[in-house]
1. Compute from the Cα atoms of region 13-88 the Rg and the Dmax, the latter being the longest Cα-Cα distance, and quote both in angstrom.
2. Cα centroids of region 55-89 and region 12-26: how far apart, whole angstrom?
3. Compute the FRET efficiency between residue 4 and residue 53 as 1/(1 + (r/R0)^6), taking r as their Cβ-Cβ distance and R0 = 30 Å, and round to the nearest 0.05.
4. Between residue 79 and residue 35, what is the label-point separation in nm under the 7 Å Cα-to-beta-carbon projection?
5. Based solely on its DSSP helices, what 222 nm [θ] is calculated for the chain when runs of n ≥ 4 H residues each add -39,500 (n - 2.57) and the sum is averaged over all residues, nearest 500 deg cm²/dmol?
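Computed from the coordinates by the stated procedures, all read-outs in this text should not be read as laboratory data. These numbers were taken from a predicted model, which means no experiment stands behind them. Don't worry about glycine lacking a Cβ; one is built from the backbone with ideal geometry, like all the others, and counts go over all protein chains shown.
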């Protein structure tokens with residue numbers, strides 16, 4: 001069996017996703033972890049990303065909205081090794 005070793009940089013690429021009924025919970029979580037999250041590159045589905053930016057001022061790379069394929073966009077980034085961590089509410 002072949003093993004792969006991957007070194008993750010200090011600045012991580014983090015995707016944030018939340019179901020409609022969990023967006024407010026994610027926003028509270030982001031606010032309580034803001035000091036850590038500002039050190040990383042954040043990605044989110046369209047609505048979630050806009051809400052995070054408005055509520056916290058943190059820069060977020062927003063994908064399309066959910067119905068337009070944002071889950072697939074984030075999945076592609078994961079498959080390409082461009083996302084280090086996914087946080088899903």
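1. Cα-based Rg and Dmax for region 13-88 come out at 11.3, 31 Å.
2. Using only Cα atoms, the two centres lie 9 Å from each other.
3. Numbers: r = 34 Å, r/R0 = 1.14.
After rounding to 0.05, the efficiency reads 0.30.
4. Going from the residue 35 label point to the residue 79 one covers 4.0 nm.
5. Working: 4 runs with 35 residues, N = 89.
It comes out at -11000 deg cm²/dmol, rounded to the nearest 500.
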